[in-house]
Structures are given as structure tokens and as C-alpha cells.
Amino acid sequence: MNGYPSHLNTREDYDYVVANFPKELYVQDFQNLLDTRYDFKFDHFMEDNETVELDGDHRIMMEEVEGSKLPKRALYVKTYIEGNRMEQLGYTEEEVLAIING
């Protein structure tokens, strides 16, 4: 193989790049494993007077509502994606963080 792989498909591919390439080439690939473990899912349309403490686990988005001329505020909640790529590859969060920070 010449150069950094264009696709990392298996744990062996990830382990290969760690063993054979400088950290600056693979650190983003491992960061992506961490970043794609969660997604924001629709929770509910908010009432006009409803407030929510916005933190890393909540987002408010304006959504078009059928039959309404004005968009409504919608609350989205951060949820863990079961079977995410990091799980599929067999890595733990601690292992990935050690590779990134090591």
C-alpha cells in the first residue's frame, strides 16, 4: 500500500494507520469515531412560553409545520446511536481517546 488509505473499513485498517503513519494523518479519523456516536433526535414542538436550558444535549430548531404559516420551535435531544461505527469496530471510548491524546 502506498500512502495513507482512502478508506478505513475495519479495525485492522485503523490499527494499521496507527502503527505505520504519523499521528497528524490519523487523529481526525479517530476523532470522527467519537463524534459520530451521537445524533440529535426530534423530541417535541415547544410551547410559546416554554424554555429549555441549552447545553450540549439540547438544540432548538425552527421547523415548518403543515397547516401553519409560521415555523415552530422544535426541541432536539442528543441521543446515543446504538451500533455506531466505533462500536462496530470494537473500540472503546478510552481506547480512542488514548490514541488521540497519546
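Nothing in this text is a laboratory measurement; each read-out follows from the coordinates by a stated rule. Bear in mind the structure is a predicted one, so any value in this text is a computation, not a measurement. Note: ideal-geometry Cβ built from the backbone for every residue, glycine included; neighbour counts use all protein chains shown.
When Lys41, Lys23 are checked against the criterion of being over 15 Å from Gln88 (Cα atoms) and touching a Ser or Thr at 6+ places or on another chain (Cβ under 7 Å), a single residue qualifies: Lys41. Where strands (runs of 3 or more DSSP E) fall entirely within region 17-102, those with at least 1 residues that are in contact with a His (Cβ under 9 Å, 6 or more places away or on another chain) are at 38-45, 72-80. Identify all residues within region 51-102 that are free of Cβ contacts under 8 Å to residues at least 12 places away in the same chain and either touching a Cys at 6+ places or on another chain (Cβ under 9 Å) or over 30 Å from Lys23 (Cα atoms) (or both); write none if there are none. The answer is Thr51, Glu53, Leu54, Asp55, Glu64, Glu66, Gly67, Ser68, Lys69, Leu70, Pro71.
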